[in-house]
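> Quick one: the structure is below, questions incoming.
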Amino acid sequence: NAVFWLNPNQQGISVGTQAGEWLVKATEQNGVLTPLNMQAHRVTTIGCANVEPRLTDNTLILVQTFKHQVVEYFADVFSGKFAAPDLSSLAAHLSSRGIEEITYQQGLLKTIWCRCTDGSLIGAVYKRESLMQSQGPTFVGWHRHTLGSGRTIESMCSGPSPATASLAAGVLDTLCVVTNDSSNIRHVEFLTNPLLE
């Protein structure tokens, strides 16, 4: 049961594995974590794919073991128990290709971007304000994107925007993708913010 990722939170360190999610913390309340006072408990059995999760404003977004579900992972504000609601339940037709990589764009449109197994791009405009397990996200809206160039996406990340005619560099968060065309030439492309240009 290999460890795929680690993520610190207020309760300790969340650990993602194929069989479930674990919480590693010190045996004492507010104690320092050392090899001698460490405990690990499996808190959920969602199961993770070997895809690096992404932090949003209030949650951790991860890909489920079989790469067809995108879930939000968080501790309930009242009970402290971890939950992982499926964000892609109403968009199974988009995520059915399999998800290989995710990133989160915090810019003007808070968006979860997913690179699918076939090199296509899907996304979800997403926001969660309440950390109550009984309430769903404030909104989540899925969408598919077809590149006009016909290229496939090989890798992606989000980060500071490049300089343009109307904006200085680093003013917004933008999506950057590495694409591959039919002659096996790689291209680096940036998503232009639709609200500004």
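The values are calculated or read from the model by the stated rules, or taken from the named source; none is laboratory data. What you see is a predicted model, and the numbers here were worked out from it, not measured in a lab. Because the Cβ atoms are built from the backbone with ideal geometry, glycine has one as well, and the counts that use them run over all protein chains shown. Surface areas here come from the heavy atoms of the whole protein model, side chains and all, with no ligands, DNA or RNA. Shrake-Rupley method; radii C 1.70, N 1.55, O 1.52, S 1.80 Å.
> Going residue by residue through segment 116-136, is there one that turns out to be assigned to a strand (DSSP E or B), in contact with a Leu (Cβ under 6 Å, 6 or more places away or on another chain) and buried (at least 16 other Cβ atoms within 10 Å of the Cβ)? Show your work before the answer.
Filtering segment 116-136 down to residues assigned to a strand (DSSP E or B) leaves 116, 121-127.
If we keep only those that are in contact with a Leu (Cβ under 6 Å, 6 or more places away or on another chain) as well, we get 122, 125.
Those still in the list that are buried (at least 16 other Cβ atoms within 10 Å of the Cβ) too: 122.
Among the residues of segment 116-136, at least one is assigned to a strand (DSSP E or B), in contact with a Leu (Cβ under 6 Å, 6 or more places away or on another chain) and buried (at least 16 other Cβ atoms within 10 Å of the Cβ), which makes the answer yes.
> Restricting attention to segment 93-119, and to residues there that are modelled with pLDDT of 95 or more and aliphatic (A, V, I, L, M), which single residue is nearest to VAL15 (Cα to Cα)?
Ranking the candidates gives ILE102 first.
> In addition: For segment 16-108, give me every one of the strands (runs of 3 or more DSSP E) that falls completely inside it and has 1 or more residues that are open to solvent by less than 60 Å² (accessible area, probe 1.4 Å) and in contact with a helix residue (DSSP H, G or I) (Cβ under 8 Å, 6 or more places away or on another chain). It would help to see each step written out before you state the result.
Details: elements: 21-26, 38-44, 60-63, 70-75, 99-105.
Because the criterion is at least 1 residues that are open to solvent by less than 60 Å² (accessible area, probe 1.4 Å) and in contact with a helix residue (DSSP H, G or I) (Cβ under 8 Å, 6 or more places away or on another chain), the strands (runs of 3 or more DSSP E) in segment 16-108 that meet it are 70-75.
> Residue by residue through segment 142-173, note down the ones that are modelled with pLDDT of 85 or more, in a loop (DSSP other than H, G, I, E, B), out of contact with any His (no Cβ under 8 Å at 6 or more places or on another chain) and surrounded by 13 or more Cβ atoms within 10 Å (Cβ to Cβ).
Correct list: LEU147 only.
> Among GLU72, GLU100, which is in contact (Cβ under 8 Å) with a residue 60 or more places away in the chain, under 30 Å from LEU172 (Cβ atoms) and among the acidic types (Asp, Glu)? Give the derivation first.
Numbers: GLU100 fails: in contact (Cβ under 8 Å) with a residue 60 or more places away in the chain.
On inspection, the qualifying residue turns out to be GLU72.
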